[in-house]
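The block underneath contains the structure these notes are about, expressed in structure tokens.
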Amino acid sequence: MRLSVVMPVYNEKAFVKGIIEKVLSVHLPGIERELIVVNDCSKDGTREVLESLDLPGVRVFHHEQNRGKGAALRTGFAQATGDIILVQDADMEYNPEEYPVLLKPILDGHADVVYGSRFLSGPHRVHLFWHMVGNKILTLLSNMMSNLNLTDMETCYKVFRRDVLRGITLRSDRFGFEPEFTLKVARGGWRVYEVPISYHGRDYAEGKKIGWKDGVSAVYTIIKYRLMD
């Protein structure tokens, strides 16, 4: 069994080396792993940090123009060789030590896709009320369109069997990846599980990037891929 961790990166000079080390340190008995890092044209020195690394099992790709998280993920997915693919953000909001929990439903043969939910029972930093409200509204709208009952559609932690990618075509370049992937997984009839995860969220002063415009875009994406794609 082989796991491909795909990590999109944009302006994370302060965190990217540390999160890569955490990913590589996770103990996964019987599972090979590769880490695919896609630098989406960072301007803060992230590229130089990545180019200074020489770590086995880590492959780094660079976009020469900023294209967005969805585009970076497509680049990473195209390079992935694993039986299972896991999306990992390049900040410290999500803890790679929870990989065994995320992988278990797939390894047990129960799931094709697993979402790590910040709103089940995992410990999380308490902050940004309106951000939480926005997440819940988007999840509700996505559930209405997909007929799933997820608690956290916008979560970073999405883990899935490689076969899932063969059955869908992804097009969103920015944060629209989250609702587009969810709607197409639902349409494909894949078995979806959720597991609780911890969440150590940042505020905007600490580097958080997603904002209200991305929320509006997500609403458009949900409607678009429900009715048109």
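Checked against the criterion of being assigned to a loop (DSSP other than H, G, I, E, B) and of a type in the set (Val, Ile, Thr), the range 35-49 has no qualifying residue.
List the number of the failed condition for Ile210; all other conditions in (1) surrounded by 16 or more Cβ atoms within 10 Å (Cβ to Cβ); (2) over 23 Å from Gly68 (Cα atoms); (3) modelled with pLDDT under 85 hold. Result: Ile210 passes all but (2).
Take Ala71 and decide whether it is touching a residue at least 40 places away in the same chain (Cβ under 8 Å), touching a helix residue (DSSP H, G or I) at 6+ places or on another chain (Cβ under 8 Å) and aliphatic (A, V, I, L, M). So Ala71 does not fit the description; no. Condition (residue is free of Cβ contacts under 8 Å to residues at least 12 places away in the same chain and closer than 20 Å to Lys213 by Cβ) applied to the range 140-154: is it met by at least one residue? Yes: one or more hits. Residues in the range 46-78 that are under 22 Å from Arg162 (Cα atoms) and in contact with a Leu (Cβ under 8 Å, 6 or more places away or on another chain) were compared, and the one that is surrounded by the fewest Cβ atoms within 10 Å (Cβ to Cβ) is Gly57.
Per the conditions (1) open to solvent by 20 Å² or more (accessible area, probe 1.4 Å); (2) under 23 Å from Lys22 (Cα atoms), the sole criterion not satisfied by Pro105 is (1).
The values are calculated or read from the model by the stated rules, or taken from the named source; none is laboratory data. Given the structure is predicted, the values throughout are model-derived calculations rather than measurements. Note: ideal-geometry Cβ built from the backbone for every residue, glycine included; neighbour counts use all protein chains shown. Ligands, DNA and RNA are stripped out before the accessible areas are found, and what is left, the full protein with its side chains, is counted by its heavy atoms. Shrake-Rupley method; radii C 1.70, N 1.55, O 1.52, S 1.80 Å.
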